[in-house]
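Inspection log for the structure reproduced underneath, given as structure tokens.
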């Protein structure tokens with residue numbers, strides 16, 4: 001029975017990850033990797049201000065304080081446990097360090113925003129030349145379809161014309177997915193830059209970028225799996241039709257992860273030429289086994 005396998009969508013996931021990294025994240029990482037601006041000083045407080053770990057403004061120190069920084073602050077400032085801030089009059093060395101740190105932080109923000117402006121152009125240009133349909137492991141998919149249909153005694157006739165049409169449709173669909181997702185990604189990254197303005201040192205900034213990258217990587221996997229699943233379902237269905245198969249029995253994965261709307265379809269006889277079965281009672285949306293979102297169902301071919 002045909003089911004989507006990791007090896008079918010992993011090349012597409014890798015290509016999307018590469019695209020997202022090149023267009024969005026690598027430029028940001030390169031901006032954050034600025035030289036260490038800390039001065040050669042025995043003062044932990046000055047070093048923390050230079051690095052961005054501690055911020056000073058209008059007599060108030062905010063940020064992350066360790067024991068060494070707190071000792072320096074205790075010599076002239078008071079700690080408010082309720083707000084978690086120190087208040088006190090800073091000397092000229094601290095004022096100078098905070099002015100320099102603020103300048104560096106503003107420069108960093110300007111460069112991050114400039115990179116995001118460029119990223120929007122880069123991703124649009126990249127999509128124009130993106131053809132993910134060419135990266136599909138079609139030979140392996142064809143082998144799986146042929147093996148599955150041979151098991152019931154029929155031979156598919158998957159023509160080059162069919163291959164080309166399905167690849168074209170796949171490329172158009174995945175490109176549209178990326179285009180539709182891009183505004184959400186850009187919004188998340190711009191909100192991240194806003195958070196960076198009040199965060200700590202460069203390691204904290206990198207952690208924010210890493211968190212966003214993890215979100216984007218999960219999105220790449222979802223898009224790759226979803227679109228490849230739809231492609232593979234259509235590929236297998238067309239292969240079956242070319243072999244004279246007209247019906248199949250819907251088969252779920254028979255585990256606790258099967259959604260209710262699919263569980264009641266288990267064993268249902270479905271016409272391959274039809275629109276599929278209702279998989280969403282609220283909207284009336286129909287789909288064939290394996291063609292719904294994250295669907296793990298399969299088809300058992302019926303020979304008439």
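Computed from the coordinates by the stated procedures, all read-outs in this text should not be read as laboratory data. Because the structure is predicted, anything quoted here is derived from the model rather than measured. Every residue, glycine among them, receives a Cβ derived from its backbone with ideal geometry; neighbour counts consider all protein chains shown.
Descriptive notes on the structure:
- Against the chain, whose longest principal axis comes from its Cα atoms, helix 202-242 is set at around 10 degrees.
- Centre-to-centre separation between the Cα atoms of region 43-67 and those of region 269-294: 59 Å.
- Rounded to the nearest 10 degrees, the angle from helix 138-150 to the longest Cα principal axis of the chain is 40 degrees.
- Entry note, region 186-281: relative contact order of 19 percent, from Cα contacts under 8 Å with a spacing of 6+ residues.
- Listing 82, 3, 168, 259 from fewest to most neighbouring C-beta atoms within 10 Å gives 82, 168, 259, 3.
- Gaussian network model of the chain, springs between alpha carbon atoms under 10 Å - residue of 69, 123, 158 with greatest fluctuation: 69
- Over region 1-145, Cα pairs under 8 Å with separation of 6+ residues give a relative contact order of 30 percent.
- For region 16-31 versus region 107-149, the gap between their alpha-carbon centres in whole angstrom: 12 Å
- Separation between Cα centres of region 223-241 and region 70-104, rounded to whole Å: 61 Å
- Reciprocal of mean inverse Cα separation for region 246-304 (Kirkwood radius, Å): 11.5 Å
- Three-way shape label, region 85-127, alpha-carbon gyration tensor, a/c 1.5: prolate
- With contacts taken as Cα pairs under 8 Å at a separation of at least 6 residues, region 242-304 carries a relative contact order of 42 percent.
- Relative to the current alpha-carbon distance between residue 105 and residue 281, full extension at 0.36 nm per residue lengthens the span by 58.1 nm.
- Given R0 = 45 Å, the distance between the Cβ atoms of residue 60 and residue 217 translates into a calculated FRET efficiency of 0.75.
- Between 0 and 90°, nearest 10: helix 160-196 axis offset from the chain longest Cα axis: 20 degrees
- Overall form of the chain per C-alpha gyration tensor (a/c, 1.5; a/b vs b/c): prolate
- Volume per residue that the Cα convex hull of region 189-298 spans, once the total is divided by residue count, Å³: 147 Å³
- Residue exposure proxy: 171, 159, ordered by other Cβ atoms within 10 angstrom of their Cβ from fewest to most, comes out as 159, 171.
- Gain on full extension, evaluated as 0.36 nm per residue between residue 249 and residue 263 minus their Cα-Cα distance, stands at 3.7 nm.
- Order of 1, 192 under a 10 Å beta carbon neighbour criterion, fewest first: 1, 192
- Helix-only [θ]222 nm of the chain, DSSP H runs n ≥ 4, -39500 (n - 2.57) each, per residue, nearest 500: -19000 deg cm²/dmol
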